[in-house]
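The values are calculated or read from the model by the stated rules, or taken from the named source; none is laboratory data. Everything numeric here is computed off the predicted structure, so don't read it as measured data. Using ideal geometry, Cβ is built from the backbone for each residue, glycine included, and neighbour counts are taken over all protein chains shown.
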Amino acid sequence: MQEVARHELGLVESRPQWRLRVRLMALIDLCARLYFDDHPVSVVLKCYREVDDLRVEPGQARTGTDFETRCLRCVDALRPVIGAMAARPIEEIPFDEQDAVAADLVSIPPEVVLGRAGPGSQFELVCWNQANAVAEDVQRPYRAARAIAAEGFHDPVDVFGLVEPMTALTERYEDQPQDRAATAAEIVRVLDEYRAAAPWPVT
């Protein structure tokens, strides 16, 4: 499993011109997962700084899509909250300062990207972010499925029933290497159906 995960990550990171979009996807994901205490605030701060730096780096690919625009708008909405903090060395930021911004990091992204914040919106943001990243060729299907399946540990409110199929498809991708192309295609199909059914359409 670790070998597959490393290989898939390597494929995602193999295109230098897509680093902005990859880190932007990661930032939205990290903010959503902060709700589940999957990592500390410092991880979000580091990713925010990377995104901010990449926004001004020449040659970074942009899709110009509605989804990309919403995610970039989220970065701008977070700037008053963590922009100055993220520019500082992480080791110099006291834990109480980091804890003080956690609630905003959890609530602002779903409000900006989905148009709603509240119970369940963080898991919805994880799924929506991963599904659209796959659709825009920023994320690998396996990594998206694994990211969604991992949240099953927290028993989220899974309105669209994604955890079960993503878990099964993740395991199939890992256990049956000869069928990986077909499994990836099935992941894409399920995520496309989810995007079509979810009440946050991108234009």
For this session: Could you tell me whether residue 8 is surrounded by 16 or more Cβ atoms within 10 Å (Cβ to Cβ) and either at pLDDT below 95 or not in a helix (DSSP H, G or I) (or both)?
Result: yes
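Looking only at the range 144-177, which residues are among the charged types (D, E, K, R) and in a helix (DSSP H, G or I)?
Residues satisfying the conditions are 146, 151, 164, 171, 172, 174, 175.
Do we have residue 115 as at pLDDT below 95, of a type in the set (Gly, Ala, Ser) and under 23 Å from residue 79 (Cα atoms) here? Spell out how you get there, then give the answer.
Details: at pLDDT below 95: yes; of a type in the set (Gly, Ala, Ser): yes; under 23 Å from residue 79 (Cα atoms): yes.
In short, yes.
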Exercise. Does residue 167 count as within 18 Å of residue 147 (Cβ to Cβ), surrounded by 12 or more Cβ atoms within 10 Å (Cβ to Cβ), more than 19 Å from the chain's Cα centre (by Cα) and polar (S, T, N, Q)?
Worked result: no
Seminar exercise, completed: Scanning the range 56-83 for residues that are exposed (fewer than 14 other Cβ atoms within 10 Å of the Cβ) and charged (D, E, K, R), the one nearest to residue 113 (Cα to Cα) turns out to be 73
For this session: Find all pairs meeting these conditions: Cβ atoms under 7 angstrom apart; at least six residues apart or on different chains; first residue within the range 185-203 and modelled with pLDDT under 95; second residue part of a helix (DSSP H, G or I) and among the charged types (D, E, K, R).
Result: 202/66; 203/66
Exercise. Within the range 84-143, restricting attention to residues that are among the polar types (S, T, N, Q) and in a helix (DSSP H, G or I), which residue is surrounded by the fewest Cβ atoms within 10 Å (Cβ to Cβ)?
Worked result: 107
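Residues in the range 37-54: is at least one of a type in the set (A, V, I, L, M), part of a helix (DSSP H, G or I), more than 16 Å from the chain's Cα centre (by Cα) and farther than 26 Å from residue 203 by Cα?
In the first step, residues of the range 37-54 are kept if they are of a type in the set (A, V, I, L, M); the result is 41, 43-45, 51, 54.
Applying the additional criterion that residues be part of a helix (DSSP H, G or I) yields 41, 43-45, 51, 54.
Next, from what is left, pick out any that are more than 16 Å from the chain's Cα centre (by Cα): 54.
Applying the additional criterion that residues be farther than 26 Å from residue 203 by Cα yields none.
No: the range 37-54 contains no residue that is of a type in the set (A, V, I, L, M), part of a helix (DSSP H, G or I), more than 16 Å from the chain's Cα centre (by Cα) and farther than 26 Å from residue 203 by Cα.
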Seminar exercise, completed: Per the list (1) at pLDDT below 95; (2) of a type in the set (A, V, I, L, M, F, W, C); (3) closer than 30 Å to residue 17 by Cα, residue check on residue 105 breaks on (1)
Problem set entry | Residue that is surrounded by the fewest Cβ atoms within 10 Å (Cβ to Cβ), among those in the range 14-37 that are under 30 Å from residue 95 (Cβ atoms), free of Cβ contacts under 8 Å to residues at least 60 places away in the same chain and charged (D, E, K, R) | 37
For this session: Six or more apart or on different chains, Cβ under 9 Å: which pairs go from a residue in the range 66-86 that's closer than 16 Å to residue 44 by Cβ and touching a residue at least 12 places away in the same chain (Cβ under 8 Å) to one that's part of a helix (DSSP H, G or I) and polar (S, T, N, Q)? Could you list them?
Result: 71/129; 71/132; 85/98
